Amino acid sequence: MIYNNLIYFLAVIFVVSSATAPEQPRLAPWFALPLFALLLLTFSRLARKLFSSHRYISSKRYFAAEKRASLLATVVFVTSFFAFDLKYYAQPLSFNNTLPTLANLLGLMLFFVFLILIWHRALPSYRRLFNSGVALSDFILNNIRTNLTIILPWLILSFFFDLLNTLPITQLENWAGSPWGELLFFLPFLVLMTLLFPPIIRRLWGCVPLEPGPVRHAIERFCRSQRFSADILSWPLFEGKMVTAAVMGMVPKFRYLLLTPALLSALDQEELEAVLAHEIGHVKRYHLVLYLLLFLGFSLFAEAVSEPLHLLLLNNDWFYRLLIWSQFPGDKLLTVFATVILFLLMLLYFRFLFGYFSRNFERQADLYVFKAQKTGFPLIRSFEKIAVMSGNIRHKKNWHHFGIGERIDFLERCENNPRNIRLHDWKVYCSLAVYFFLIGVGSWSLHQLDTEGLYDKSQLHYVKTILEEKLEQEPENSRWLKLFGDLMLESGKERAALQAYEKALRSLPVSSELANNLAWLLLTAKDRSLRDPVRALGLARSAARFSAQGHVLDTLATALWANGKREEAVALEKKAAELDQENHAYYRSRMEKFYQESWSMERN
């Protein structure tokens with residue numbers, strides 16, 4: 001349940017934190033508010049239908065309905081967040097964007113409204129399933145506490161950075177805003193959170209120390225035999241009726257071993273020790289640390305890919321065509337596309353890459369039972385009991401844990417061939433090595449990109465798309481043709497430039513700039529098959545008759561030189577230098593070139 005909700009909350013957090021508030025909402029508040037209320041009512045009825053569709057509820061069907069309802073809540077919330085411009089109403093809470101986390105918190109609270117509607121509709125099924133008389137308020141409050149553990153780290157970290165940005169220290173602000181500065185600030189905070197967060201979760205979940213007695217004594221004895229220490233707590237998840245266990249906390253002093261009452265009553269001593277071995281295996285294999293590094297890895301990846309992603313969009317013609325077609329503000333369209341792509345990357349990362357490591361960490365923790373008990377049969381028996389008590393879910397697939405049946409099958413294979421244990425450990429270690437290598441090298445490489453050059457290139461893409469759009473509307477307009485030819489020439493697409501100039505010249509035969517640019521192309525084209533010095537001379541003479549500017553005379557001088565009239569060319573360059581004193585050095589270099597080389601050697 002928590003793993004699935006992690007994906008949903010990651011999606012919601014990403015949306016509320018990356019969305020920008022519009023200057024004015026598209027729908028008037030007096031119309032948007034009742035429409036949003038109607039949406040909530042409709043969603044509530046859909047949720048009731050999901051939980052009332054089965055007359056005889058089972059735990060498998062209950063959690064499947066809860067999963068579908070949560071997914072629906074996420075989709076509806078994200079859609080309504082943009083449709084109703086909810087960020088606009090939340091923005092005043094940020095105190096002029098000084099504390100944006102407060103505005104984002106309101107967005108999360110609205111998502112909790114959708115979840116509360118789900119829990120309200122789920123309660124009758126829950127009561128029948130678990131034979132419970134829990135009150136609605138307690139049921140909702142317990143679910144809120146459970147899910148708060150997902151969002152609290154993000155909220156605390158975001159608020160910390162908001163406060164940091166309010167400090168009137170420019171140098172500190174610039175350093176903290178840099179990629180590595182953010183990381184150096186983040187790491188100490190992460191260490192602090194790993195120390196303080198487990199006690200916070202313990203209180204949120206209402207965990208209490210397991211009562212003294214034979215069961216606690218046996219658990220403590222087994223933990224000592226494995227050189228493992230933790231506070232042993234009773235975990236009242238779903239009023240303690242869920243058959244599960246967990247471990248949290250990387251530092252022994254702040255480490256907790258959580259066991260539900262239903263688990264303790266369902267398993268015998270040997271089976272309970274097998275489950276304890278699994279949880280101890282997570283600690284011994286440093287999975288808790290690795291989970292944090294996987295979260296950090298995505299943060300590094302997202303930060304590194306953000307700017308290249310913007311540049312990738314800006315260097316694609318389809319983006320500008322969509323921009324022209326939609327008449328949407330360019331910066332907002334860019335933000336929408338970049339946000340959607342990063343959002344999809346995040347979902348793919350956690351669903352598949354994080355899920356891959358999570359499944360294999362769980363399997364590695366399962367295998368610790370062979371070190372603790374020398375056999376996997378007690379853990380197999382405990383899995384069989386858990387599968388039956390959880391609604392016959394033995395063959396159900398699981399994206400983050402492997403299905404119980406898959407885990408049992410692998411334990412049996414390892415029982416028959418212990419070599420599989422070492423092979424799986426090597427699989428995990430090699431996968432981690434590849435992951436950290438790719439994240440490190442990939443992040444470093446993305447930071448080495450020539451972003452300035454790519455931004456310049458994106459400007460050419462924008463102008464090119466605009467001109468192409470204009471030419472589609474006015475294909476014979478000499479102004480657009482001439483500008484398009486100039487752009488193609490600057491981009492090195494000489495044949496396209498020649499075609500544009502030729503077509504423009506037919507529409508506007510008397511144009512000094514057009515004749516000059518075409519003459520220059522015919523003289524200096526890298527594709528020597530496009531060169532035509534005789535025609536270029538005629539065009540250059542025509543341009544010089546209407547405009548005696550320095551660059552026009554330079555083109556005519558080059559045409560004279562190309563046609564073997566060296567003295568005339570040098571004389572004209574001198575005149576150009578007199579007219580354009582600022583570029584005197586350039587004209588002087590051209591005169592030297594005319595004297596020292598012949599046009600047949602010209603390559604530029």
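Just so it is clear, none of the values below were taken in a lab; they were calculated from the coordinates. No experiment lies behind these values; they were computed from the predicted model shown. Using ideal geometry, Cβ is built from the backbone for each residue, glycine included, and neighbour counts are taken over all protein chains shown.
For this structure, a couple of remarks:
- TYR429-ALA37 FRET efficiency (beta carbon distance; Förster radius 56 Å; 0.05 resolution): 0.55
- Three principal axis lengths of the stretch 284-438 [C-alpha, angstrom, descending]: 67, 36, 22
- In plain terms, the residue of THR339, THR98 with the fewest other Cβ atoms within 10 Å comes first and the most crowded comes last, giving THR98, THR339.
- Computed per residue of the chain from DSSP H runs no shorter than four, each worth -39500 (n - 2.57), the mean residue ellipticity at 222 nm is -24500 deg cm²/dmol.
- The chain: relative contact order as a whole-number percent, Cα under 8 Å and 6+ apart: 9 percent
- Across the stretch 30-137, C-alpha contacts under 8 Å between residues 6 or more apart give a mean separation that, scaled by the residue count, equals a relative contact order of 35 percent.
- Overall, the stretch 474-601 carries a charge dipole of about 320 debye about its Cα centre when +1 sits on the Cβ of Lys and Arg and -1 on the Cβ of Asp and Glu, all other atoms neutral.
- Dipole of the chain computed with +1 at Lys/Arg Cβ and -1 at Asp/Glu Cβ about the Cα centre; of ASN516, LEU263, SER299, farthest Cα towards the positive end is LEU263.
- Debye, to nearest 20: dipole size of the chain, +1 on Lys, Arg Cβ, -1 on Asp, Glu Cβ: 2420 debye
- Of the residues ARG224, ARG394, the one with the fewest other Cβ atoms within 10 Å heads the list, and the complete ranking is ARG224, ARG394.
- Pair VAL534, LYS574: separation of 7 Å Cα→Cβ label points (nm): 3.1 nm
- Extreme residue, positive dipole direction of the stretch 1-166, given options THR101, ALA47, SER137 (C-beta unit charges): ALA47
- Nearest 10 degrees, 0 to 90: helix 419-447 Cα axis against the chain principal axis: 30 degrees
- Mean separation of Cα contacts under 8 Å, 6 or more apart, over the residue count of the stretch 507-604: relative contact order %: 24 percent
- Measuring r between the beta carbons of LYS253 and LEU152 and using R0 = 35 Å, the FRET efficiency lands at 0.95.
- Degrees between helix 494-507 axis and first principal axis of the chain (Cα, 0 to 90, nearest 10): 60 degrees
- Whole-number D in µm² s⁻¹ for the chain, Kirkwood Cα-pair radius fed into Stokes-Einstein, 25 °C, 0.890 mPa s: 82 µm²/s
- Rounded to 10°, Cα long-axis angle of helix 214-225 versus longest principal axis of the chain: 50 degrees
- Semi-axes of the equivalent ellipsoid for the stretch 535-604, Cα gyration tensor, largest first, Å: 17, 16, 9
- Under the simplified labelling scheme, the HIS395-ASN4 pair shows an inter-label distance of 2.0 nm, with each label point 7 Å from Cα along Cα→Cβ.
- By the count of other C-beta atoms within 10 Å, a proxy for reagent exposure, PHE546, PHE361 are ordered fewest to most as PHE546, PHE361.
- Potential lengthening of the chain between ARG381 and ASN165 amounts to 72.3 nm, from the contour at 0.36 nm per residue minus the alpha-carbon distance.
- LEU322/ALA83 FRET efficiency (R0 22 Å; Cβ-Cβ; nearest 0.05): 0.65
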